[in-house]
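Okay, so here's the structure we're looking at.
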Amino acid sequence: MIMGIDPGLNNVGWAILKDEETLVDYGCIENKKGEVSEKLGVIYKEIEKLVKKYKVKVMAIEDLFFAKNKRSALKVAEAMGVIKVAGVNNGVKVKEYTPLQVKMAVVGYGRADKDQVLSMVQQILDIEEVIEPDHAADAVAVALTHLMSKSF
């Protein structure tokens, strides 16, 4: 099983794919209350639960790509670290992909917008349902990127 992750401190999108491009489950860890350290603890515990529940072998995580707001970027980076540690501590291989790599893999165009990415995700997975929230949809795209990269 491949787990895709769209990292954040308040919202962590996640998705589980089988190797043959089958969407198993997806969702979002909503984490809006508490201190940063408490939020990081929640993220760790929830990621660990998902890894164990779905017997995840590989975690594909979207890499940090922005630096407009340094304070916000640092908090997302902290969340990314906790997510990676949760994976590694549970025997999961962790791979990172930039937003450009995700767009290129899923759409074939590095400047694709969110709607184009979502549309291609639906086509690739042969589903009609709209994956919501956006964080979960992004996580599905990241998982597909790993699957399409064949970098196991």
Residues satisfying the stated conditions in region 9-40, i.e. out of contact with any strand residue (DSSP E or B) (no Cβ under 9 Å at 6 or more places or on another chain) and touching a residue at least 24 places away in the same chain (Cβ under 8 Å): Leu9, Glu21, Thr22, Val36, Lys39, Leu40
Positions within region 7-24 being surrounded by 14 or more Cβ atoms within 10 Å (Cβ to Cβ) and part of a strand (DSSP E or B), in sequence order: Asn11, Val12, Gly13, Trp14, Ala15, Ile16, Leu17, Leu23
Among the candidates Val76, Val36, residue that is aliphatic (A, V, I, L, M), modelled with pLDDT under 95, in contact with a Gly (Cβ under 8 Å, 6 or more places away or on another chain) and on the phi < 0 side of the Ramachandran plot: Val76
Some residue of region 88-98 being out of contact with any Phe, Trp or Tyr (no Cβ under 8 Å at 6 or more places or on another chain), of a type in the set (Lys, Arg) and either at pLDDT below 95 or assigned to a helix (DSSP H, G or I) (or both): no
Out of Leu118, Leu100, Leu125, Leu74, sole residue that is in contact with a Leu (Cβ under 9 Å, 6 or more places away or on another chain) and not acidic (Asp, Glu): Leu125
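The values are calculated or read from the model by the stated rules, or taken from the named source; none is laboratory data. From a predicted model like this one, the values you see are computed outputs, not experimental measurements. Positions of Cβ are backbone-derived with ideal geometry, glycine not excepted, and every protein chain shown enters the neighbour counts.
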